[in-house]
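S.K.: One structure follows; several queries about it will come next.
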Amino acid sequence: MNKTHLLRNGFLGLLGLVFSTVLWAHGGAAGTDTDQCKFELEKDHWLHYTAYQPKAYPAEEFCGNLPDLNTLTQLVFDYQDQRYRNMAIEFEVTKEPEGKRVFFSEAKKHKSGTVVLNLPNGVAEAGKYLIHITLLQDNGERLDAHMSFKAGSGQPASKSSLGIYVLVFLAGLYGLYLSHSGFKRTVDGLIGKAKEI
C-alpha cells in the first residue's frame, strides 16, 4: 500500500471519528461515565439534569451553560434510583454569589422519576446560579445537593457546526499535503520519525 492510500485511509478514519455518535454522547459505561449533567445525591446515587430553552433553541439541550436570558427555560431532573420516587423533593434556584432566590418549587413526590420545572421567563441576569435540591426522607432527615450553572453566555456552537469546521480544516490540510511539496516532505518526515519510535 503506497503513502497516498495510507493517508487517504487515515483521513477517512479521522472523518469517521469526527462524525461518530459515540463521541457526542454524554453517557458512558459503568466506571467510565463522563456525564457532566448529573450530580450525586448520596454515594453512588445520582440525579440527572438537563436544561432546555425551547423557544430560542428547540433542538438543543444544555447543562452547565444556558445561552439566553428572559426566555422560557425548562429544568428537567431524572432520578437514576427508584428509591427517591417515594421521597418529597424541593427545588430552589438562586443567583450567586448573593443567594437571591429566583425560583422555588415546594416539596412534593414525583412518582414518575422525572421532574420538569418551568421557569416561564428563565433568569433575568447573566451570571452564576445554583440549583438547590432537598429530598425529605420519611424519618424527617433532609438530603441536600447542589449544582451550578451559568446563564447568558450567548448562542452555543452546535455539534454539527463543529463537525463541519473540523471536516473543512482536515480537508484543507489534505489538499495542502497533495499540492505543496514542501509541506508533503515535512509530513512524510514526521511520519517516518513516528514509525521509528
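S.K.: Restricting attention to the stretch 104-136, which residues are of a type outside the set (Gly, Ala, Ser) and either in contact with a helix residue (DSSP H, G or I) (Cβ under 9 Å, 6 or more places away or on another chain) or without any contact (Cβ under 8 Å) to a residue 12 or more places away in the chain (or both)?
M.R.: We begin by selecting, within the stretch 104-136, every residue of a type outside the set (Gly, Ala, Ser); these are 104, 106, 108-111, 114-121, 123, 125, 128-136.
Within the stretch 104-136, Lys109, His110, Lys111, Leu135 meet the criteria.
S.K.: Next question. Of everything in the stretch 137-156, what is of a type in the set (Asp, Glu) and either touching a residue at least 24 places away in the same chain (Cβ under 8 Å) or on the phi > 0 side of the Ramachandran plot (or both)? Give them in sequence order.
M.R.: Asp138, the sole residue that qualifies.
S.K.: Kindly establish whether Phe169 is more than 28 Å from Phe62 (Cβ to Cβ) and either touching a residue at least 40 places away in the same chain (Cβ under 8 Å) or among the aromatic types (Phe, Trp, Tyr) (or both).
M.R.: no
S.K.: Next up: Only one residue in Ile191, Ile164 is at pLDDT below 80 and more than 25 Å from Leu75 (Cβ to Cβ). Which one?
M.R.: It is Ile164.
S.K.: On to the next question. Testing Asp33 on (1) modelled with pLDDT under 90; (2) of a type in the set (D, E, K, R); (3) part of a strand (DSSP E or B), one condition comes back false. Which one is that?
M.R.: Failed condition: (3).
S.K.: Based on this model, can you work out whether Asp78 counts as in contact (Cβ under 8 Å) with a residue 24 or more places away in the chain, in a strand (DSSP E or B) and within 22 Å of Ala151 (Cβ to Cβ)?
M.R.: Yes; evaluated as a whole, the condition is true for this residue.
S.K.: For Asp144, are the conditions met, namely being under 24 Å from the mean Cα position of the chain (by Cα), surrounded by fewer than 13 Cβ atoms within 10 Å (Cβ to Cβ) and farther than 28 Å from Lys55 by Cα? Steps first, please.
M.R.: On the way: under 24 Å from the mean Cα position of the chain (by Cα): yes; surrounded by fewer than 13 Cβ atoms within 10 Å (Cβ to Cβ): yes; farther than 28 Å from Lys55 by Cα: yes.
Answer is yes for this residue.
S.K.: Out of everything in the stretch 62-85 that is of a type in the set (Asp, Glu) and within 20 Å of Phe103 (Cα to Cα), what residue ends up being surrounded by the fewest Cβ atoms within 10 Å (Cβ to Cβ)?
M.R.: Across the stretch 62-85, the extreme among qualifying residues is Asp78.
The values are calculated or read from the model by the stated rules, or taken from the named source; none is laboratory data. These numbers were taken from a predicted model, which means no experiment stands behind them. Please note: Cβ atoms are built from the backbone with ideal geometry, for glycine as well, and neighbour counts cover all protein chains shown.
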